[in-house]
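**Q** Mind looking over this structure? Questions follow.
No value in this document is a laboratory result; all are computed from the given coordinates. None of these values were measured; they are calculated from a predicted model.
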Amino acid sequence: THRRPGRTLHSAVVHVERLELRTREVDCKATALKFRTALLVVKGEIAAELSRWKSDGAVLDKAIAPELVKKVSASLGKLGLDADRDLGLYFRATTPARQWIGTTLCGPVFHLRSLEAGLRGWKLMQRARGENTPANQQDLDQTWARARRAHLDLWEVAGRSRVDAARRLDALEARGAARRKELVKRWSYRDQRRQEAQALKQRRAHAAALRLRERTEARIHRILAAWAVQAATKA
């Protein structure tokens, strides 16, 4: 639901594999719910292909996109809907980026007719961002450098201004600076505690080994002393 001056509009949105699918805004909530039902069907069609494409680097973009367009169009046709005319369907890549900018990084909008270009951009962002959450500052910086570069490439491929996209990213990065600083601070504290725990563990292990050696040496001395007494007695 979206509040506009003097009116309330509704749209449907679903997410699949870091891809956002959204419909146009409408006045009727029932129509938006109908759109959502359609999007869930489309999501099912796309999910299987994206999952396979995501894991199979040998699959070509051009081989997938036309087939996927046919499947989506056929599924919507069974519901009596057209992707452009009725739903106003569009999609965009969404990339987790809270560690850097405090929010999700969204790519440019693509429509079903430009699915091939959109999927190339989606996979570009997938590979750049990766699946793992950064766990140290080096990983944080390297992952963001890849994601930022891929994001700017994606906007440029979509025919948008790379410079404008870079300015928006700069502003988001500036707003997220405090978050990143706090995150690095927590990592530093965590690493310090981990190092202290490791050092304590090593000291305890060393102390235990020292006590064992002292006990062993004491036992040997007692045995040798007993033997000496026995030898003196026999003599």
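**Q** With springs only between Cα atoms under 10 Å apart, run a GNM on the chain and tell me which of 149, 204, 24 wobbles the most.
**A** The residue that fluctuates most here is 204.
**Q** Let me ask something additional. The list [x] 21.2; [y] 13.5; [z] 23.0 gives values of mean projected area of the Cα convex hull in nm², and only one came from this structure; which label was calculated from it?
**A** [z]
**Q** Using each residue's phi in the range 218-230, evaluate 6.51 cos²θ - 1.76 cosθ + 1.60 at θ = phi - 60° and report the 3J(HN,Hα) Karplus result to the nearest Hz, with x for Gly and Pro.
**A** 4, 5, 4, 4, 5, 5, 5, 5, 5, 4, 5, 5, 4
**Q** While we're here: In vacuum, with every alpha carbon of the range 1-132 counted as one equal point scatterer, what does the Debye formula give for log10 I(q)/I(0) at q = 0.14, 0.19 Å⁻¹? Two decimals, please.
**A** At q = 0.14, 0.19 Å⁻¹ the computed log10 ratios are -0.65, -1.10.
**Q** For a quick check, take a GNM of the chain with Cα springs below 10 Å and name the residue from 79, 40, 152 with the largest mean-square fluctuation.
**A** 79
**Q** May I pose another question? For the range 115-180, what does the relative contact order come out to in percent, with C-alpha contacts under 8 Å and a separation of six or more?
**A** 26
**Q** Here's something else I'd like to know. Amide H neighbours of residue 12 under 5 Å, at least 5 residues apart or on other chains, H built in the peptide plane: list them.
**A** 23
**Q** Mean separation of Cα pairs under 8 Å and 6+ residues apart, divided by the residue count of the chain: what relative contact order is that in percent?
**A** 14
**Q** If you don't mind, another one. Which one of 16, 163, 72 has the biggest mean-square fluctuation once the chain is modelled by GNM with Cα springs under 10 Å?
**A** Checking each option, the largest mean-square fluctuation is seen for 163.
**Q** Would you mind pulling out the separation of the Cα centroids of the range 204-220 and the range 11-47, in Å?
**A** First find each Cα centre; the distance between them is then 70 Å.
**Q** Also, I was wondering about something else. How high is the relative contact order of the range 84-200? Use alpha-carbon pairs under 8 Å, at least six apart in sequence, and give a whole percent.
**A** 27
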